Amino acid sequence: MSDRVYADFNAGAPLRPEAREAMLRALDAQGNPSSVHAAGRRARALLETAREEVAESVGARPENVIFTSGATEALHLALEAAREAAGGIVLSAIEHDALTAQAANVYADVRTAPVTTDGAIDLDAFETLLDGVKHPLAAVMAANNETGAVQPVAQAAACVRERGGLLLVDAAQALGRIPVDVADFDASYLVLSSHKIGGPQGAGALVLAPGAPFTIARGGGGQERGRRPGTENVAAIAGFGAACRAAVEQQPSESVRLAALRDAFEAGVRGRFPDSTIFSESAPRLASTSLVAVSGLRAETALIALDLEGVCVSSGAACSSGKVRASRVLTAMGAAPERIQGALRFSFGWSSTERDVARCLDALDAAVARARPRTMERAV
Ligand code: PLP
């Protein structure tokens, strides 16, 4: 197992050593952070240290960080928090399902802005849609989980603010990969996920801009200033805080290192399979993400072949309950159906090496050889 290559960081990054250490320390702090005794105060201190680490990593105030169980819950919380102030929601066609599906449950008026063939939001169409909603809530993710395409968040924010609206930015894939700052994005709500940056699963945060509406009353023990009651998951949050600090500190150098790895990977793909497609290739993209389709290779079977070669990746298609459906993101980008069916996402991160990239390329070769045995024979 240890010789496996993990190239699925966008699904979940391996735990960083810094996060592991913080979690182990926190596991020994047994108190409930709401208790007044010494054990409780110790747990509270760990929680507040993590809050400061998360806040600092995105330029926010600690009191505006609300810990959640992950990005999904944070997105849902933001949708509800803005509901009273917003007349409807305008979201990009490439938002994560966690937002898209829930938006329809919370808002009667949901409008979807198209994206370009490169996977960036079409700002003209976005503006037109915003004009149709009084005090809109807009949702534009910072970077897409499938293609890695970085979205023009600050420009989108300007369009939203001109119209007196609120902006929700899902930065689950962006944190630690590009600079993420609440004020630079001019976001009203910013969403983060721990396990995408090498923290543990089951932690995340909704970060509020000062004065962002939050009109939900939830009964409970009053934790998180009453905004998300329930005893906090101290060890996971401590790991999340440590992961934030490490990911953001290392982001400038890691972006350079990972861009070199990704470029080597994509040069290898192009060299071996000249008929391949690299999605969002000419858009600003995360250095960590490469979504590729190779002619004749179906993602469903390729994933199994790659797994047999010891390489863990994802398909661009969403897969839940055993059903594989065409990627909504690639469909919105107007990609050809056979390319969508072949989309394989390789995503790299803090523990990725040049050797991993070479192994991914060799495994792709093997997958293609399995899928195209006749073609290979004829070519010989
Ligand atoms: N938003 C984006 C862009 C994601 O990639 C994901 C996870 O895949 C989520 C939200 C949901 O994150 P979590 O697993 O923390 O709920």
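List the residues, sorted by chain then number, that are 5 or more residues from residue 149 or on another chain and whose placed amide H is less than 5 Å from its amide H.
Counting only residues 5 or more places away or on other chains, the set is 144, 286.
Would you kindly derive the ³J(HN,Hα) couplings of the stretch 157-171 from the backbone phi angles with the Karplus curve 6.51 cos²θ - 1.76 cosθ + 1.60 (θ = phi - 60°), listing them in order in whole Hz, with x for Gly and Pro?
Per residue, the Karplus-derived 3J(HN,Hα) values read 4, 4, 4, 5, 5, 4, 9, x, x, 10, 10, 10, 10, 8, 9 Hz.
Quick one: if the Förster radius is 35 Å, what FRET efficiency do residue 275 and residue 354 give, using the C-beta to C-beta distance and rounding to 0.05?
In this case the efficiency is close to 0.85.
By how many degrees, 0 to 90 and rounded to 10, does the Cα axis of helix 97-106 deviate from the longest principal axis of the chain?
So the inclination is approximately 50 degrees.
Quick one: putting +1 on the C-beta of Lys and Arg, -1 on the C-beta of Asp and Glu, what dipole do you get for the stretch 17-246 around its Cα centre, in Debye to the nearest 20?
860 debye
Given the convex hull of the Cα atoms of the stretch 17-246, what is a quarter of its surface area in nm²? Could the numbers behind the result be given before it?
Values: hull surface 46.4 nm².
About 11.6 nm², averaged over all directions.
Roughly speaking, what is the stretch gain from residue 32 to residue 128, that is 0.36 nm per residue apart minus the C-alpha to C-alpha distance, in nm to one decimal?
Values: separation 96, 0.36 × 96 = 34.56 nm, distance 4.94 nm.
Contour length minus the Cα-Cα distance gives 29.6 nm.
Order the peptides 36-43, 338-345, 350-357 from the highest to the lowest mean number of other Cβ atoms within 10 Å of their residues.
For the peptides 36-43, 338-345, 350-357, the packing ranking is 338-345, 350-357, 36-43.
For the chain, build the charge dipole from Cβ charges (+1 Lys, Arg; -1 Asp, Glu) around the Cα centre, then report which of 105, 251, 129 sits farthest towards its positive end.
Of the listed residues, the answer is 105.
Starting from the amide H of residue 111, placed 1.01 Å from N in the peptide plane, find each other amide H under 5 Å away whose residue is 5 or more places distant or on another chain.
Correct list: 89, 90, 91.
Report, in deg cm²/dmol and to the nearest 500, the calculated mean residue ellipticity at 222 nm for the chain, where each DSSP H run with n ≥ 4 adds -39500 (n - 2.57) and the sum is divided by the residue count.
The helix-only estimate for the chain comes to -13000 deg cm²/dmol at 222 nm.
Sort out for me the Cα centre separation of the stretch 5-43 from the stretch 267-286, rounded to whole Å.
Here the answer is 38 Å between Cα centres.
Please give the peptides 70-80, 103-113 ranked by average Cβ packing (other Cβ atoms within 10 Å per residue), highest first, as a rough proxy for protection.
Ranked from most to least packed, the peptides come out as 70-80, 103-113.
Compute the Rg/Rh shape ratio of the stretch 116-264: radius of gyration over Kirkwood radius, all on alpha-carbon atoms.
1.00
Which whole-number percentage describes the relative contact order of the chain, with Cα contacts under 8 Å and a sequence gap of 6 or more?
Averaging sequence separation for qualifying contacts and normalising by length gives 23 percent for the chain.
Taking only Cα atoms, what is the 0 to 90° angle, nearest 10, from helix 234-272's long axis to the longest principal axis of the chain?
Long axis of 234-272 versus the principal axis of the chain: about 20 degrees.
With each label point set 7 Å from Cα along the Cα-Cβ vector, what nm distance links residue 80 and residue 21?
Going by the 7 Å Cα→Cβ label model, 3.7 nm.
Measure nothing fancy, just the Cα-based angle from helix 38-57's long axis to the longest principal axis of the chain, in degrees from 0 to 90, nearest 10.
Helix 38-57 and the main axis of the chain meet at about 60 degrees.
FYI, it's all coordinate maths here, none of it is from the lab. Small disclaimer: the values here were computed from a predicted structure and weren't measured. Neighbour counts are summed over all protein chains in view; Cβ atoms, including those assigned to glycine, are modelled from backbone coordinates with ideal geometry.
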